[in-house]
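> Before I ask anything, let me first share the structure, which is written out below as structure tokens.
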There are 4 protein chains.
Amino acid sequence: MMVVMTPEATPEQIEAVVRKLEARGVHAKVMPGELTTAIGAIGDPEGVRELGLEGLAGVDQVIPISRPYKLASSELSHHAQSVFEVDGRRVGAADTFCLIAGPCTVESPEQTRVVARVVAEAGASMLRGGAFKPRTSPFSFQGLGYDALEILTEVRAETGLPVVSELTSAQHADRFAESVDVVQVGARNMQNYGLLEVVGKLGKPVLLKRGLSSTLDELLMAADYVLKEGNERVILCERGIRTFETAMRFTLDLGAVPWLKLHTHLPVIVDPSHASGDRRLVGPLARAAAAAGADGIIVEVAEDPEAALCDGPQQLYAKDFPAFAADVAAHARLLSKELA
Amino acid sequence: MMVVMTPEATPEQIEAVVRKLEARGVHAKVMPGELTTAIGAIGDPEGVRELGLEGLAGVDQVIPISRPYKLASSELSHHAQSVFEVDGRRVGAADTFCLIAGPCTVESPEQTRVVARVVAEAGASMLRGGAFKPRTSPFSFQGLGYDALEILTEVRAETGLPVVSELTSAQHADRFAESVDVVQVGARNMQNYGLLEVVGKLGKPVLLKRGLSSTLDELLMAADYVLKEGNERVILCERGIRTFETAMRFTLDLGAVPWLKLHTHLPVIVDPSHASGDRRLVGPLARAAAAAGADGIIVEVAEDPEAALCDGPQQLYAKDFPAFAADVAAHARLLSKELA
Amino acid sequence: MMVVMTPEATPEQIEAVVRKLEARGVHAKVMPGELTTAIGAIGDPEGVRELGLEGLAGVDQVIPISRPYKLASSELSHHAQSVFEVDGRRVGAADTFCLIAGPCTVESPEQTRVVARVVAEAGASMLRGGAFKPRTSPFSFQGLGYDALEILTEVRAETGLPVVSELTSAQHADRFAESVDVVQVGARNMQNYGLLEVVGKLGKPVLLKRGLSSTLDELLMAADYVLKEGNERVILCERGIRTFETAMRFTLDLGAVPWLKLHTHLPVIVDPSHASGDRRLVGPLARAAAAAGADGIIVEVAEDPEAALCDGPQQLYAKDFPAFAADVAAHARLLSKELA
Amino acid sequence: MMVVMTPEATPEQIEAVVRKLEARGVHAKVMPGELTTAIGAIGDPEGVRELGLEGLAGVDQVIPISRPYKLASSELSHHAQSVFEVDGRRVGAADTFCLIAGPCTVESPEQTRVVARVVAEAGASMLRGGAFKPRTSPFSFQGLGYDALEILTEVRAETGLPVVSELTSAQHADRFAESVDVVQVGARNMQNYGLLEVVGKLGKPVLLKRGLSSTLDELLMAADYVLKEGNERVILCERGIRTFETAMRFTLDLGAVPWLKLHTHLPVIVDPSHASGDRRLVGPLARAAAAAGADGIIVEVAEDPEAALCDGPQQLYAKDFPAFAADVAAHARLLSKELA
């Protein structure tokens, strides 16, 4: 932390800040300048932040000079990337790209099976499918629930694809632990800290989506909640942020991909379907995600997306998926990555 | 809904949209224009939204023409405002203003008692105090938990002030129902739909904070989740939204107050403490909230805010609270409102 | 500036930063910490910013610790507020409130005269009226131009109200200097630096509107462009910023008012008409601006706003203006301010 | 336009809207629904927008159903892309990719020449270089001005590279017309309508950067200002928008690339240097831009970026440029595009 005093700050006010820092066991260095004095506080940023120094007389600004996340930091891992396997698929490795695809929502065994076969044949790494759907309006379709988990289990047995599905409530956690291979935490729950601790303890890989107005620092602090429970298999997912632009559903922040690769050891994937809300944009953005260095993508596919019960306009047509997958794979290959 | 076709749309494509709407039981009106054709879909907006018409060939845009929230709509109540009592304090009435004040976090019986007495004497309507604190970093202080609820219960007995505290997890719901008078749902949980349904069933008044990147439509849809469980005592709270401006912690959206008064029958209060994160701004913004027509405010107060364990810089000093309260009350009085 | 090195930074890299700073004549203090080393650079922030230290090997972050604006800073004026007169009306004084009102656009002598008389009688301090209108689409009505300036001059003679109008191009500057009392720089031109320098030289008071995505720091730097030409009569205007919320046209940032009063000596007014785009919200937001401590407001009024050629829905009805003005004045009076 | 009435609207209020539309020569269709009545207004959207119908009694919403831009619309060109040449380089063609590179600011003949040679050899299509720099603070370095134009002219003669430079003021327009091949309009001037009309008349290709808080609709309306002067050679440039995320300087909106390709016939390029402000992100984002289907990129390069007078941290090192260019070209080639 750097505490910057106002130009009018008195020596007593400066001394009061120093005393407060030292009472917390933090070393304080006073740096007098021409206009203002700054005080450097080295060590224990958490503790210093909680001192509320901004409220002290004579204090102008308190500026953090250390990153607020810890366990997710690439410095902790000495810049080695985390690599782990999900049922034989390597995630986070320099030479693999993870293609996760499937229906928005599991609606029936037939619908799920048809899509799963198409994506498996086209080389997908995992199958996605919604069981419990968080919906903005309480009057919308909310998903098949546990029945969907059973359908996913069947289809996994048939296709060999590991399964990703979103957990929306701690009370479903045990059933998810039995049925799915990767537990997704959705954007609206990225700061649902109770849920993060629950998935931290489940012992399953976690796909953690960035909140729609969460900074990257906050995403990594949310990952810290999972990591501190001892679960080190966390996949981060950029899925678009909320901005003033409404031409697309969200603004996909692809700069987040190389930024995260610099600052965290965790794998990073991209969801172009929810970001754009428009299937015509999913192909270009999926290719761009691969080109930006993502470790994978997660996309929605439907046999007849126009008949789907939710999120129709963003789902790729199953008939177009093989060409889409080949296209994305070609871009990943330029970065020496093969489909996992 | 209004479905706007592209200029190139064929009669067959227009017909396909009409058929899809009518299969859903929705009446469709075709309106040919000079450049494009539009199709009006009257009735059942939820169902139409789920048809995913944006994905159909020849469709350019699907434009909602009805509000997405229902139970929270002022049209439902024929523009009568909801008014209810919390332990004798009227909330939402044209002639009352609700002043909720107290420490950010309950840290000890003494600290809570001192602040509670100060705010009670200055005319506060209710006491706020955090028991479980949702913290961005898992390494920050998280609150005293159930011990805090007991402290609040004691202090309520001593001062007569009804108590507001934030519920962060469904598993604490029963204890909250026993201990607090108003259950707060925090900004980060505004779209935690499971939690909303739980508080909907608790039978206690709910203070629902706007998510930091939630639109007002989404706030009202979140209120719908509570209302549909039969709980009609919901207080909405504007507490600042996340924007590009970082001079203050959040951007307080005071336009939301008169907008909400036009569109919903629910009471609307404002939290200037969390919005600004700076006690020097809390007074001006609290007065402005009263002038904008809010039904109340919720602010943080501490005897010695510089010693508080969290959120220090935004807490008012207890010694300044009587003047602050008198100032806000004077502004409320210009709109014919007295402290509840 | 504070330069924070990465944990892996070598002594040579630290030395390179120090050398670069000292070559610029800036004093550098090295502060070794447990994890990282920080280097404080005291003096000449402009010069340090231009060194591009973020690009040096081993540098993690460069954090500004001084405010980027100079002449607009309240520290420069030792916290004395700037007060000046516009044709007898005091702007920026602790005991005056400036009510600027008038039509969006000057459309005819009759229309302007009728509105001017209504607002003058209700106690307005100045008359506003658009001559050249910056329009997003080139196919929209662009204003009457110089004819409008002549109409404003006539109406000023009749009513005695000083006149505010927006300058959109340097080539009109001389005519504006003759015809108007306050030259407005619109939100879209807040960073049109050439125009700022021109108005800085005109010798007329300037009303500088905040850009719709400009930070408060940037607003004060824009004011610096005017001030450095020797023109010290600058009025700042908060008029709503662009955020994700689309329920209103812009999000009025009323927290900006007390923030600016802390950080600059310049007067601060608020434009609730353009911010909200909805006349039903103008009253509540005008009152709130007064309560937040603004030095004034600027609002649009029309005799028959439904017939106005642009921006109809946000204009107050002339018949409602006297009650509106009395209401705002009552709120200003609570802060000991009378209409100027 | 679609005018949606409130549920309480009377038949007289509905009739008043219809009359107002018909007085404007617009055909109105009344569509009674279960809850509300909607009125479709077909034809002349500009005129209808200016009627200010939102202000009429009984009107709930006015919803645009036609695009607000005209000349830039891909419908106008029947979905044929605009293709034109800049000194032999084809811009906008399906099989070409335009690589524009050069120093942020022209600082000396030597500096410019060295960079120009490196980028020319690596296959760049054009040379960029700033002559007049719009700077947020008036105390920052503002560029060499006309001297820079002369340097660019010399270097063009030596390398054969056409030159792109930013015009910041109409008074420099004639000199720019003589000296540069593409006139850039910067983000801060995207809504400087006077300047847009001037460049529209210059007869030179224009590179129009998206404003940092401009919607894509507004970008296309700004292009309309240039196009309506008869200048059809406009290149659009996505350069990052301002959002709540401050980890990078701006948020690069790559979804804008495929969205613009759907909605306009104009070429679309991307500026990853200004968007990210960090050279470590420029490579990944440049590749991503190519993969998303952009017609080109514009990047900053310096021989010794650490010595550059402005924007140092975002400039690529000249020694790394050949590998960078090859990498981007490989991605463009996957979409069948070769460097122009």
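The values are calculated or read from the model by the stated rules, or taken from the named source; none is laboratory data. Computed from a prediction, not measured in an experiment: that's the story for all the values here. Cβ placement follows ideal geometry from the backbone for every residue including glycine, while neighbour counts extend to all protein chains displayed.
> Do we have B:Gly40 as within 37 Å of the chain's Cα centre (by Cα) and at pLDDT below 75 here?
No, not satisfied.
> In segment C:280-294, what residues are assigned to a helix (DSSP H, G or I) and either small (Gly, Ala, Ser) or buried (at least 24 other Cβ atoms within 10 Å of the Cβ) (or both)?
Selection gives C:Leu281, C:Val282, C:Gly283, C:Pro284, C:Leu285, C:Ala286, C:Arg287, C:Ala288, C:Ala289, C:Ala290, C:Ala291.
> Here's a follow-up. Tally time: how many residues in segment C:129-160 are of a type in the set (A, V, I, L, M, F, W, C) and either on the phi > 0 side of the Ramachandran plot or assigned to a loop (DSSP other than H, G, I, E, B) (or both)?
Qualifying residue count, segment C:129-160: 5.
> Tell me, yes or no, whether segment D:239-251 has at least one residue that is of a type in the set (Ser, Thr, Tyr), at pLDDT below 95 and closer than 30 Å to D:Met221 by Cα.
Yes.
> Next up: Would a scan of segment B:85-98 turn up a residue that is surrounded by 20 or more Cβ atoms within 10 Å (Cβ to Cβ), aliphatic (A, V, I, L, M) and at pLDDT below 85?
No, segment B:85-98 contains no residue that is surrounded by 20 or more Cβ atoms within 10 Å (Cβ to Cβ), aliphatic (A, V, I, L, M) and at pLDDT below 85.
> Please go through (1) of a type outside the set (A, V, I, L, M, F, W, C); (2) surrounded by 23 or more Cβ atoms within 10 Å (Cβ to Cβ); (3) modelled with pLDDT of 90 or more for B:Tyr69 and return the number of the only condition it doesn't satisfy.
Among (1) of a type outside the set (A, V, I, L, M, F, W, C); (2) surrounded by 23 or more Cβ atoms within 10 Å (Cβ to Cβ); (3) modelled with pLDDT of 90 or more, B:Tyr69 violates only (3).
> Any idea which of C:His79, C:His172 is in contact (Cβ under 8 Å) with a residue 40 or more places away in the chain and closer than 28 Å to D:Tyr225 by Cβ?
Just a single option satisfies the conditions, and that option is C:His172.
> Follow-up question, since we're still on this one. What number of residues within segment C:326-335 satisfy the criterion of being in contact (Cβ under 8 Å) with a residue 12 or more places away in the chain and within 13 Å of B:Ala330 (Cα to Cα)?
Counting residues in segment C:326-335 that are in contact (Cβ under 8 Å) with a residue 12 or more places away in the chain and within 13 Å of B:Ala330 (Cα to Cα) gives 4.
> Mind listing whichever residues of segment D:101-128 are over 19 Å from D:Val328 (Cα atoms), hydrophobic (A, V, I, L, M, F, W, C) and not in a loop (DSSP other than H, G, I, E, B)?
D:Val114
> Then there is this: When B:Glu75 is evaluated against the numbered criteria (1) among the acidic types (Asp, Glu); (2) closer than 10 Å to B:Thr264 by Cβ; (3) surrounded by 19 or more Cβ atoms within 10 Å (Cβ to Cβ), which criterion, by number, is the only one it fails?
(3)
> Scan (1) in a loop (DSSP other than H, G, I, E, B); (2) at pLDDT below 95 for the single condition A:Glu306 breaks and write down its number.
(1)
> Does any residue of segment B:317-336 turn out to be part of a strand (DSSP E or B) and not aromatic (Phe, Trp, Tyr)?
Scanning segment B:317-336 turns up no residue that is part of a strand (DSSP E or B) and not aromatic (Phe, Trp, Tyr).
> Follow-up. Which one is nearest to the other protein chains (Cβ to nearest Cβ) among residues in segment C:1-42 that are part of a loop (DSSP other than H, G, I, E, B) and small (Gly, Ala, Ser)?
C:Gly33
> Can you tell me which residue within segment D:161-171, out of those that are outside any loop (DSSP other than H, G, I, E, B) and away from chain C (no Cβ under 14 Å), is farthest from the chain's Cα centre (by Cα)?
Filtering first and then ranking leaves D:Val163.
> Turning to a different aspect of this structure: Among the residues of segment D:65-88, write down those that are part of a strand (DSSP E or B) and either among the polar types (S, T, N, Q) or in contact with a helix residue (DSSP H, G or I) (Cβ under 7 Å, 6 or more places away or on another chain) (or both).
Result: D:Ser73, single match.
> Do you know which residues across segment A:270-282 are small (Gly, Ala, Ser) and more than 8 Å from chain D (Cβ to nearest Cβ)?
Hits for segment A:270-282 are A:Ser273, A:Gly277.
> Continuing with this model, one more query. Would you mention how many residues in segment A:263-278 are closer than 14 Å to A:Leu219 by Cβ and crowded, with 23+ Cβ neighbours inside 10 Å?
7
> Report, by residue number, each residue of segment D:289-305 that is free of Cβ contacts under 8 Å to residues at least 40 places away in the same chain and at the interface with another protein chain (Cβ under 7 Å from one of its Cβ atoms).
D:Ala292, D:Pro305
> Anything in segment A:318-338 that is buried (at least 20 other Cβ atoms within 10 Å of the Cβ), within 21 Å of A:Leu281 (Cβ to Cβ) and out of contact with any Leu (no Cβ under 9 Å at 6 or more places or on another chain)? List them, or say none.
A:Ala318, A:Phe321
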